[in-house]
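S.K.: This is the structure, below, for whatever I ask next.
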Amino acid sequence: MKVRGRAWKFGDNIDTDVVIPGRYLTLRDPDEMASHAMEVVRPDFARMVKAGDLVVAGRNFGCGSSREEAAFVLKRLGVSAVVAESFARIFFRNAINLGLPVVECKGVSEAVNDGDEVEVDLEGGVVRNVTKGVELKCTVLPDFLMDFVRSGGAIEALKRKLKAQA
């Protein structure tokens, strides 16, 4: 499974309150909620991001409170993957459970600039900066987590598995 798109670059320690501020968690319209993604650090992000684009970040992406909405709004906006030096574990698992690919890749924050074209081979463990011609090895998700990603999330994977057993 490969994804390819424009990189939106962020730094270290982007916490869930930056991804989606708490004051918007009561919004019932998912598109309205997603329209506030990353506005604290990048006010134009939700308006400018295109389906297929990727978020690239430094260390500890998704730290802070356990907020499933942080992964949800990125997926809702069409972000095809989040590639970071490292992730807070709760964000990592929330993203996988929602079917949003997350990839740990040492050196990615140095190898990718904002706006670069990036391709991620999720099963091959490669992040390629198409713009610069740079290739990095990255962590490959275990098969059971890749199944969640391929299925669109944990619930969809479980539904598919139960249907196959029926």
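S.K.: When 1/r is averaged over all different Cα pairs and the result inverted, which Kirkwood radius in Å belongs to the chain?
M.R.: Result for the chain, one decimal place: 15.8 Å.
S.K.: Only four residue types carry charge here, +1 at the Cβ of Lys and Arg and -1 at the Cβ of Asp and Glu. Report the dipole size of region 35-120 about the Cα centre in Debye, rounded to the nearest 20.
M.R.: 380
S.K.: Connecting C-alpha atoms closer than 10 Å in a GNM of the chain, tell me which of GLU110, GLU156, GLU135 has the biggest fluctuation.
M.R.: The residue with the greatest mean-square fluctuation here is GLU110.
S.K.: For region 90-145, report the convex hull volume of the alpha-carbon atoms normalised per residue, in Å³, without decimals.
M.R.: Dividing the Cα hull volume of region 90-145 by its residues yields 90 Å³.
S.K.: Here's something else I'd like to know. Going by amide H atoms built from the backbone, whose H comes under 5 Å of the H on VAL126, apart from near neighbours?
M.R.: When sequence neighbours closer than 5 places are left aside, the close amide H contacts are ASP121, CYS138.
S.K.: Enumerate the lysines that LYS132 could reach by cross-link, defined here as Cα to Cα under 28 Å, with residues fewer than 8 away along the same chain left out.
M.R.: Cα-Cα hits under 28 Å: LYS2, LYS9, LYS50, LYS75, LYS106.
S.K.: Please report, in whole Å³, the volume per residue of the convex hull around the C-alpha atoms of region 4-57.
M.R.: It comes to 75 Å³ per residue, whole-number rounded.
S.K.: In the chain, what % of DSSP beta bridges are antiparallel (nearest 5)?
M.R.: Looking only at bridges with both residues in the chain, the antiparallel portion is about 50 percent.
S.K.: Also: What list of ³J(HN,Hα) values in whole Hz, one per residue of region 52-63 in order, does the Karplus curve 6.51 cos²θ - 1.76 cosθ + 1.60 (θ = phi - 60°) give from phi, with Gly and Pro shown as x?
M.R.: Ordered by residue, 3J(HN,Hα) equals x, 5, 10, 9, 10, 8, x, 7, 6, 5, x, 6 Hz.
S.K.: To continue, here is another question. Specify the residue with the greatest mean-square fluctuation among MET146, MET38, MET48, computed from a Gaussian network of the chain linking alpha-carbon atoms under 10 Å apart.
M.R.: Highest fluctuation of the listed residues: MET48.
Here, each number is a calculation from the coordinates, and none is a lab measurement. For clarity, every value in this text was computed on a predicted model and none was experimentally measured. Ideal geometry is used to build each Cβ from the backbone, glycine not excepted, and the neighbour counts take in all protein chains shown.
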